[in-house]
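What follows is a short report on a single structure.
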Amino acid sequence: MSSPRSRGASLSAARDAERVVVIGAGPGGLASALLLAANGVEVDVFERRSVVGGRTSTLEVEGFHFDLGPTFFLYPRVLEEIFAAAGARLSEEVELVRLDPQYRLLFEDGPQIDATPDLERMEEEVARISPEDARHLGRFMTENLAKLERLSPILQRPFEGWRDLLDPELFRGGPPPVRPWLSIDNYLKRFFKDPRVRLAFSFQSKYLGMSPYRCPELFSILSGI
């Protein structure tokens with residue numbers, strides 16, 4: 001997770017240049033070019049493929065469309081901040097389509113969960129597998145949304161040395177609400193007993209290339225988003 005604020009130093013250096021070349025028209029390249037151009041720098045973007053998008057591109061074969069990377073976008077706030085830093089509004093430039101349900105989880109013993117951002121409907125989905133666990137979903141979501149709000153400023157800043165870890169701003173409002181000694185799966189046991197429900201709220205760790213049995217519980221915020 002990053003933001004225009006976390007790229008302040010590199011942007012300041014780039015502003016001194018009259019012209020900048022950006023290699024690659026993926027999400028990172030396009031965001032960098034947008035922010036530089038908004039700050040008065042002449043920018044050239046070079047992309048080896050015939051389309052832009054990088055890892056967010058699609059492939060069409062015989063009328064079928066395949067995502068080459070992400071299949072949906074979880075956190076539009078990042079794009080909103082980038083567009084705002086460039087003096088534009090994301091909603092006026094890009095049409096975002098809300099996915100509901102976002103995806104379907106199928107378990108080998110029969111039940112399924114349709115993941116939805118609607119908390120009441122999500123409780124109903126979880127209740128199809130474990131009514132007891134469904135009663136704890138609200139508490140889980142409340143805790144993780146609060147964790148996300150508290151950690152967002154920390155996750156959006158650069159850490160270029162050990163002194164950055166001692167910045168008093170990091171501890172404003174108290175210590176960060178994380179338990180680094182817990183894995184996501186162990187953390188979820190505080191809320192859900194059924195292993196299938198825990199899997200539904202932990203498989204997102206694969207986005208980081210990690211197992212929920214080893215991934216730090218900090219990243220439970222992914223399912224809260």
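List of remarks:
- Residues of segment 42-59 that are at pLDDT below 90, surrounded by fewer than 11 Cβ atoms within 10 Å (Cβ to Cβ) and of a type in the set (D, E, K, R): none at all.
- Helices (runs of 4 or more DSSP H) completely within segment 133-225 that count 1 or more residues being of a type in the set (D, E, K, R) and over 18 Å from the mean Cα position of the chain (by Cα): 137-155, 184-188, 195-200
- For segment 101-124, the set of residues classified as in a strand (DSSP E or B) and among the small types (Gly, Ala, Ser) consists of ALA115 only.
- Test: ILE82 is in a helix (DSSP H, G or I) and either basic (Lys, Arg) or over 14 Å from GLY224 (Cα atoms) (or both): yes
- Flag for ALA134 being within 17 Å of ILE225 (Cα to Cα) and among the small types (Gly, Ala, Ser): no
For (1) of a type in the set (Lys, Arg); (2) within 18 Å of the chain's Cα centre (by Cα), each residue gets a yes or a no:
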position	(1), (2)
ASN39	no, no
ARG55	yes, yes
HIS65	no, no
ILE82	no, yes
GLU95	no, no
ARG98	yes, yes
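- Condition broken by ARG135, with the remaining ones in (1) loosely packed, with under 14 Cβ neighbours inside 10 Å; (2) farther than 30 Å from GLY174 by Cα satisfied: (2)
- Tally of residues being of a type in the set (Phe, Trp, Tyr) and in contact with a Phe, Trp or Tyr (Cβ under 7 Å, 6 or more places away or on another chain) across segment 111-166: 1
The values are calculated or read from the model by the stated rules, or taken from the named source; none is laboratory data. Just so we're clear, the structure is a prediction, and the values are computed from it rather than from any experiment. Here Cβ is always computed from backbone atoms with ideal geometry, including for glycine, and neighbour counts include all displayed protein chains.
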